[in-house]
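In what follows, a structure is listed as structure tokens, so that the remarks can point back to it.
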Amino acid sequence: MKSGSNLERILEKRLFAVTAELGPPKGNDIGVVEKKANLLKGYVDAINVTDNQTAIVRMSSIAACSLLVRMGLEPVMQMVTRDRNRIAMQSDIFGASALGIKNMLCLTGDHQSFGNQVDSKNVHDMDSIQLIDCVRTIRDEKTILGGDDEVEGEVKMFIGAAANPFGDPFEFRVVRLAKKVSAGADFIQTQCIYDMNRFKEWMKMVRDRGLHERVHIMAGVTPLKSGGMARYMNNNVSGITIPEEILDRMVKAPKPADEGIKLCLEQIQELKGIEGIHGVHIMAIEWEQRMAEIVERAGLLPRPTA
Amino acid sequence: MIKAEQKPLDEILEFLGPYNKVLLVGCNACVAVCHAGGEKEVGILASTLRAARKKSGQKLEILEDCSTRQCEPEFVDELREKVENVEAVLSIACGVGVQTIAKRFPDIPVYPGVNTTFMGETEELGVWVERCQACGNCILHMTGGLCPVARCAKQLLNGPCGGSQEGNCEIKKDVPCVWQQIYDRLTAIGQVERMEQFVPAKKWGRESRDSGPRTITREDLTV
């Protein structure tokens, strides 16, 4: 066991894993974290806590993760390379581990021009792949990056990375995944999938390289709430494309929210059948109250106690 | 070359508020090429400032000059006679030129008339784009001759992020994704396998400005 986390145990046993996402509050209101967490308790194996997503200032991922640990839930700490240099990131990895955090997801992060601090200086001392390499070095070689200084203690971290099969150039997407795996990624959570054909094509390239044997790939899904949300995401969220037939289905649905859930359930079933998919990452953005229903209707309950 | 843009007139007028006699000095090197601080711009800016000050009822006497290269002390020293006859200097050279004046004339205030913006290429007449950030350890051999340090909004070194869409960067639809361009270029020159190589974290601290101002000393030239 690299980390001993619940997520690692479930994935290593080849049980189909389920993770969710929790966005921390835009302030210090612990109640927001607790409310969202309670809606997810018992329905997922681990909860991703975002790190100032879309470059909007929120409670730090590390603090919100620590609150989840206290509640007996397992977090996946997201860490973006946008805001911290390698000193701060390594320091936070030590701190996160000390606070009982066992999973992390290494990301580059949304550009600050999307958020509410457009005049900030972005750091990008490292990129996401270099961060993966850094965490693996700390964990496996027990030294800090580029140094001989031995790490005091054991930083047992299950290392995650993102993959976006919908970015361009398409042929490079599997190369980027291979680089992340070689750098040390143990698991992958993909960008939310709507274009199933392209995703399947990507997965075939993944299998052709044998990457599905080297890393646990969790497919990302986001239930759509309305036709408007679908259009907005298609037009404005970088790296997301929603095929016309899905847009059409959402726009025409008499009860769009229910249709969105139904669509999400269909997607989960289809993804479960793809060779090399070891779990699903359900990003129900500000819709945690529907998570229980999604997981239950997808036939993913009860969650295993691995 | 270094690119610059003239500061807003109001900002320059505010700098010059306390003075009645100044030297406006340009530079005939980089900033002349980008039409921000050459001889021609010295003339235009001097006339504009005179007119603005006359209108406000506080006349301003402006001496004009233009250095061959304002980043070199010997050319800046040629300004001595004029500098000693004014209360302040307004330089429309790049930030390097302004600092050379500050160093050579310790008793005279110097103000910048341009914002130094980047090192770039002329895309077409009147359009310049950033191309180099002088990171201190060139990686263009790995990237097909296109620089991700200067041209990727996240300075990524291991290929495009998920925000690369149809050749464009996620930050703006009309900004090309340099990593898509690098990918295309490496494909064209038969080196696309370079995209597979892991590029470790860059040594910003030892190679770049992050350790303070860098110095080049060439002993073959100094002895």
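The values are calculated or read from the model by the stated rules, or taken from the named source; none is laboratory data. All values derive from a computational prediction rather than experimental measurement. With ideal geometry, Cβ positions are generated from the backbone for all residues, glycine too; neighbour counts draw on all protein chains shown.
Cβ-Cβ contacts under 9 Å between residues 6 or more apart (or on different chains), taken from a first residue in segment B:188-209 that is exposed (fewer than 13 other Cβ atoms within 10 Å of the Cβ) to a second residue that is outside any loop (DSSP other than H, G, I, E, B) and hydrophobic (A, V, I, L, M, F, W, C), are listed as B:GLU193/B:LEU186. Can you list the strands (runs of 3 or more DSSP E) lying wholly within segment B:73-136 that have 1 or more residues being among the basic types (Lys, Arg) and either surrounded by fewer than 18 Cβ atoms within 10 Å (Cβ to Cβ) or under 21 Å from the mean Cα position of the chain (by Cα) (or both)? Those strands (runs of 3 or more DSSP E) span B:127-132. Being assigned to a loop (DSSP other than H, G, I, E, B) and more than 10 Å from chain B (Cβ to nearest Cβ) is a condition met by at least one residue of segment A:107-115. Does B:ASN158 satisfy the criteria of being in contact (Cβ under 8 Å) with a residue 24 or more places away in the chain and not basic (Lys, Arg)? Here the answer is yes, as B:ASN158 does meet what is asked. Determine whether A:GLY4 is assigned to a loop (DSSP other than H, G, I, E, B), under 17 Å from A:GLY160 (Cα atoms), more than 18 Å from the chain's Cα centre (by Cα) and among the small types (Gly, Ala, Ser). Taking the combined requirement at face value, the residue satisfies it.
Can you pull out the residues in segment A:7-46 that are within 23 Å of A:MET157 (Cβ to Cβ), in a helix (DSSP H, G or I) and touching a Gly at 6+ places or on another chain (Cβ under 9 Å)? Once the filter is applied, which keeps residues that are within 23 Å of A:MET157 (Cβ to Cβ), in a helix (DSSP H, G or I) and touching a Gly at 6+ places or on another chain (Cβ under 9 Å), segment A:7-46 yields A:LEU7, A:ILE10, A:LEU11. Check segment A:59-70 and report whether any residue there is within 14 Å of another protein chain (Cβ to nearest Cβ) and crowded, with 16+ Cβ neighbours inside 10 Å. No, that holds for no residue.
Would you call A:LEU73 crowded, with 19+ Cβ neighbours inside 10 Å, within 12 Å of chain B (Cβ to nearest Cβ) and at pLDDT 95 or above? No: the conditions fail for A:LEU73.
Results for (1) crowded, with 20+ Cβ neighbours inside 10 Å; (2) touching a helix residue (DSSP H, G or I) at 6+ places or on another chain (Cβ under 7 Å); (3) more than 30 Å from A:GLU286 (Cα to Cα); (4) hydroxyl-bearing (Ser, Thr, Tyr), shown as yes or no for each residue.
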site	(1), (2), (3), (4)
A:GLN191	yes, no, no, no
A:MET218	yes, no, no, no
A:PRO223	yes, yes, no, no
A:ARG231	no, yes, no, no
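Of the residues that make up segment A:126-138, is at least one within 14 Å of another protein chain (Cβ to nearest Cβ) and part of a loop (DSSP other than H, G, I, E, B)? Checking segment A:126-138: at least one residue is within 14 Å of another protein chain (Cβ to nearest Cβ) and part of a loop (DSSP other than H, G, I, E, B). Regarding segment A:141-157, can at least one residue be identified that is in contact (Cβ under 8 Å) with a residue 60 or more places away in the chain, within 12 Å of another protein chain (Cβ to nearest Cβ), in a loop (DSSP other than H, G, I, E, B) and under 23 Å from A:HIS278 (Cα atoms)? The answer is no, given that none of the residues of segment A:141-157 is in contact (Cβ under 8 Å) with a residue 60 or more places away in the chain, within 12 Å of another protein chain (Cβ to nearest Cβ), in a loop (DSSP other than H, G, I, E, B) and under 23 Å from A:HIS278 (Cα atoms).
Of the listed requirements (1) more than 14 Å from chain B (Cβ to nearest Cβ); (2) assigned to a loop (DSSP other than H, G, I, E, B); (3) surrounded by 24 or more Cβ atoms within 10 Å (Cβ to Cβ), A:GLY100 misses just one: (3). Can you pull out every residue in segment A:166-179 that is more than 9 Å from every other protein chain (Cβ to nearest Cβ) and surrounded by 19 or more Cβ atoms within 10 Å (Cβ to Cβ)? A:VAL174, A:LEU177 - these are the residues of segment A:166-179 that are more than 9 Å from every other protein chain (Cβ to nearest Cβ) and surrounded by 19 or more Cβ atoms within 10 Å (Cβ to Cβ).
Here B:ASN158 clears all of (1) facing chain A (nearest Cβ under 8 Å); (2) surrounded by fewer than 11 Cβ atoms within 10 Å (Cβ to Cβ) except the condition numbered (2). Within segment B:68-84, residues that are among the β-branched types (Val, Ile, Thr) have Cβ atoms under 7 Å from residues that are assigned to a helix (DSSP H, G or I) in these pairs: B:THR68/B:PHE75; B:VAL76/B:THR100; B:VAL76/B:ILE101; B:VAL76/B:ARG104, counting only partners at least 6 apart in sequence or on another chain. When residues in segment B:161-220 are screened for being within 25 Å of A:ASN85 (Cα to Cα), within 12 Å of chain A (Cβ to nearest Cβ), in contact with a helix residue (DSSP H, G or I) (Cβ under 6 Å, 6 or more places away or on another chain) and part of a loop (DSSP other than H, G, I, E, B), 4 of them pass.
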